[in-house]
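The values are calculated or read from the model by the stated rules, or taken from the named source; none is laboratory data. Worth saying up front: this structure is predicted, and the values here are computed from it rather than measured. Neighbour counts run over all protein chains shown; Cβ positions are idealised from the backbone, glycine included.
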Amino acid sequence: MEKLFYQSILNHIEYEIPKIKWSRFIWNVFHIKNKEQSENYIKEISDKYRDATHNCYAYTYWANINFDLFWNLEITADNFRQSDDWEPANTAWKPILSQIQGQKLHNILIVVTRYFWWTLLWVWWLIQAYSECAKQTILHSKIEEVELTQEKTISFDYENMSLVMNLLNKYNAKITTENHGNEANITFEINKWYLNSFSSELTDLSKWKIKI
């Protein structure tokens, strides 16, 4: 069985490009898994550069499986968030997101910090500046493949423990937490390409006693 992977940037990297019309531009890139993690990083950068004129950002998360009109499999981002942070509308986040999507990257956050220095940048210059920041972010980062997984939780009677563990092993699922009370409760990560087959087989073999 072949696993699915997506491309992302795993390490946090900070870099400053040469000044543009005397404005300083500093970018930060983070690998993220959810909205909450993104917001924490954004706050971290905003606090670090609280004296900056703008802290603009764009990020995508929740990579998913889809098919195009010809039934070719593709990985898309179901969610994205952005902010121009008081720059003219669409001059910051849109070029940042465009670079992320153009490189088919997922689950990353790019924050671009700008220090304004008394020289106005017209709309075209702003778009080019933020686009260049995002471009340099990607060029200076190491793009890596990340397994496309989804977290699921199942509860079941202990008599089905062997069945569940065998299936988790068969589909290369990774157990993240286990709780044992009146019944077993297991949370695991599984490759999204395997999820439907795993769910169907689990339901059938347990005679509908266990469902996701």
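In the range 91-138, the residue that is farthest from the chain's Cα centre (by Cα) out of those that are in a loop (DSSP other than H, G, I, E, B) and under 28 Å from Glu36 (Cβ atoms) is Thr91. Number of residues in the range 117-139 that are exposed (fewer than 14 other Cβ atoms within 10 Å of the Cβ) and farther than 18 Å from Ser8 by Cβ: the value is 7. Residues in the range 73-102 that are under 23 Å from Lys43 (Cβ atoms), among the charged types (D, E, K, R) and touching a strand residue (DSSP E or B) at 6+ places or on another chain (Cβ under 7 Å): Arg81, Asp84, Asp85, Glu87. Does Asp78 satisfy the condition of being more than 23 Å from the chain's Cα centre (by Cα), surrounded by fewer than 15 Cβ atoms within 10 Å (Cβ to Cβ) and of a type in the set (Asp, Glu)? Here the answer is no, as Asp78 does not meet what is asked. Residues in the range 32-56 that are in contact with a helix residue (DSSP H, G or I) (Cβ under 9 Å, 6 or more places away or on another chain) and in a strand (DSSP E or B) were compared, and the one that is farthest from Leu73 (Cα to Cα) is Asn55. Of the residues making up the range 178-193, those that are at pLDDT below 95 and within 25 Å of the chain's Cα centre (by Cα) are Lys192, Trp193. Here is the figure for the range 78-109: residues that are in contact with a Leu (Cβ under 9 Å, 6 or more places away or on another chain), under 26 Å from Leu4 (Cα atoms) and either of a type in the set (Ser, Thr, Tyr) or at pLDDT below 90 (or both) total 1.
Only a single criterion out of (1) out of contact with any Ser or Thr (no Cβ under 8 Å at 6 or more places or on another chain); (2) of a type in the set (Ser, Thr, Tyr); (3) within 30 Å of Glu2 (Cα to Cα) is not satisfied by Thr176, namely (1). Residue check: Lys142 meets all listed conditions (1) loosely packed, with under 14 Cβ neighbours inside 10 Å; (2) at pLDDT below 95; (3) farther than 27 Å from Leu109 by Cβ; (4) touching a Leu at 6+ places or on another chain (Cβ under 9 Å) but one, namely (3). Residue pairs, Cβ under 8 Å, 6 or more apart or interchain, first in the range 89-116 and surrounded by fewer than 24 Cβ atoms within 10 Å (Cβ to Cβ), second in a helix (DSSP H, G or I) and among the basic types (Lys, Arg). List them. Once the first residue is surrounded by fewer than 24 Cβ atoms within 10 Å (Cβ to Cβ) and sits in the range 89-116, its partners that are in a helix (DSSP H, G or I) and among the basic types (Lys, Arg) give Gln99/Lys135. Run Asn172 past the list (1) assigned by TED's automatic domain parsing to the domain that holds Thr76; (2) in a loop (DSSP other than H, G, I, E, B) and report the number of the one that doesn't hold. Unmet condition: (1).
Considering only the range 152-169, how many residues are assigned to a strand (DSSP E or B) and either aliphatic (A, V, I, L, M) or surrounded by 13 or more Cβ atoms within 10 Å (Cβ to Cβ) (or both)?
Of the residues in the range 152-169, 4 are assigned to a strand (DSSP E or B) and either aliphatic (A, V, I, L, M) or surrounded by 13 or more Cβ atoms within 10 Å (Cβ to Cβ) (or both).
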